[in-house]
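What follows is one structure encoded as structure tokens, with my remarks underneath.
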Amino acid sequence: MKTSKIVLGLSLVVLGTASIALAQVGPTPPEALSPERFAPEITHFADLDAATPPPTCAYLFVGSSSIRFWTSLSQDMAPYQVINRGFGGAHVSDIDYYFDKVVAPYKARAIFFYAGDNDLWAGKTPDQVVSDFNRFMTLKSQKFGDAVPVYFIAIKPSKQRISQLPLQDQVNQAVQALAETRKDLHLVDIVPVMLEAGVPKDIFVADGLHMTPEGYGLWTGVIRPVVESDAKENRSCEAGPATGKKPKFEWFWRKKSLDQNR
């Protein structure tokens, strides 16, 4: 038993180190990045599920390293149950590729989705990123219909990728426009609380990309109220929303984030 714990611990260290390396690597042509590079992490998720069956009707957080390294997620969202399926360096297309393994198996109440900045950094255009996200929404609809809403966490501004703010904004605006046409999609804008006078706040570790606990604290201040409001919706995890209207809290996150940034 002691030996198995040591092996598991070492495996987690290796996976964490690999996630950082994948996210930090300089721009790489998208065609050179195979989704198979994440096979060990996806296998690890399956092992976790086999060892401890995940809760039903939990909030699924899926995406790249900003989700992967949100180590305080369970505490930050308590008592609401969450499932963290972030894998560092992931593109939106990688999440599409592994949809059947990191999204479909879970009877989640809602999905919080974060990815896109790695895609842009690798040279993909905003249109490509949005197209890949549209593919995710198609997969989600095929599996769950309108029963499971998706909350797209806006692509975050960071010190390392400050030059890509305009591209990130294009993706965020496109997703917001899409959300206005779908009752099962909402944009959660964490950008305002992360900026001060248009510059990313001092909430990043040495690489200028991954966030400190203070950064995740800002995210919690915006995202937790959305979780709390969603939890009040009269919606079963086995059925679609009670009405075809968007939740009344649709714009609450924007007002809150703007107020906090003043």
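Any read-out appearing in this document is the output of simple, stated calculations on the displayed coordinates, not a laboratory observation. Predicted model, so just to flag it, every value in this text is computed and none were measured. Neighbour counts run over all protein chains shown; Cβ positions are idealised from the backbone, glycine included.
Assorted remarks:
- Each peptide among 96-106, 48-58 gets the average number of other Cβ atoms lying within 10 Å of its residues, and from highest to lowest they stand as 96-106, 48-58.
- Pairs exceeding a 25 Å alpha-carbon distance, out of 124/156; 159/232; 140/183; 107/232; 183/232: 159/232.
- Residue-count net charge about residue 114 - beta-carbon cut-off 10 Å; Lys, Arg +1, Asp, Glu -1: +1
- In a simple Cβ point-charge model (Lys, Arg +1; Asp, Glu -1; nothing else charged), segment 96-191 has a dipole of about 300 debye relative to its Cα centre.
- Summary of packing: across the peptides 203-213, 84-94, 163-173, the per-residue average of other C-beta atoms within 10 Å ranks them, highest first, as 84-94, 163-173, 203-213.
- Relative protection proxy for 115-125, 69-79, from highest mean packing down: 115-125, 69-79 (other beta-carbon atoms within 10 angstrom).
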